[in-house]
1. Between residue 70 and residue 41, what is 0.36 nm times their sequence separation minus the Cα-Cα distance? Round to one decimal in nm.
2. How many nm is it between the label spots at residue 60 and residue 18, if each spot is 7 Å from the Cα in line with the beta carbon?
3. Show that you can apply the helix-only estimate: for the chain, add -39,500 (n - 2.57) for every DSSP H stretch of four or more residues, divide by all residues, and state [θ] at 222 nm to the nearest 500.
4. Where in the chain are the DSSP H helices whose C-alpha atoms run 27 Å or more along the long axis and whose mean Kyte hydropathy is at least -1.0?
5. Under 4.7 Å Cβ to Cβ, no partner at all: give me those cysteines from the chain, in residue order.
6. Work out how far the C-alpha atoms of the stretch 7-74 reach from end to end along every principal axis, then list the three figures in whole Å, largest first.
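All of the numbers you see were taken from the coordinates with simple rules; none came from a lab. Since we're looking at a predicted model, the values are computed, not measured. Ideal geometry is used to build each Cβ from the backbone, glycine not excepted, and the neighbour counts take in all protein chains shown.
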Amino acid sequence: MPSDGCTGFWPLEWLFPKISACCSVHDAGGTDGILLDCLQSALPPWAWAMAALCVALMILFRPVYNWIKRLLRQS
């Protein structure tokens, strides 16, 4: 499945294009832990906290995101 972009990480993706590969791996079935590890290897240390926060928010709001996607598919 191709990546639909780094939805939660778009500001970082603009600054650090290498993270697009992380999003592609995650979208293809990678775990959230794999995503965070990849992000930390692609980002400078000062951005790790922001990436961890984004992953945490993504996990927290995933049910809402999935619900919205289901609603849009039914339309």
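1. Between residue 70 and residue 41, full extension yields an extra 7.2 nm.
2. 2.8 nm
3. -22500 deg cm²/dmol
4. 48-74
5. When partners are defined as cysteine Cβ atoms under 4.7 Å apart, the chain leaves 54 without one.
6. Over the stretch 7-74, Cα extents along the principal axes are 40, 21, 20 Å.
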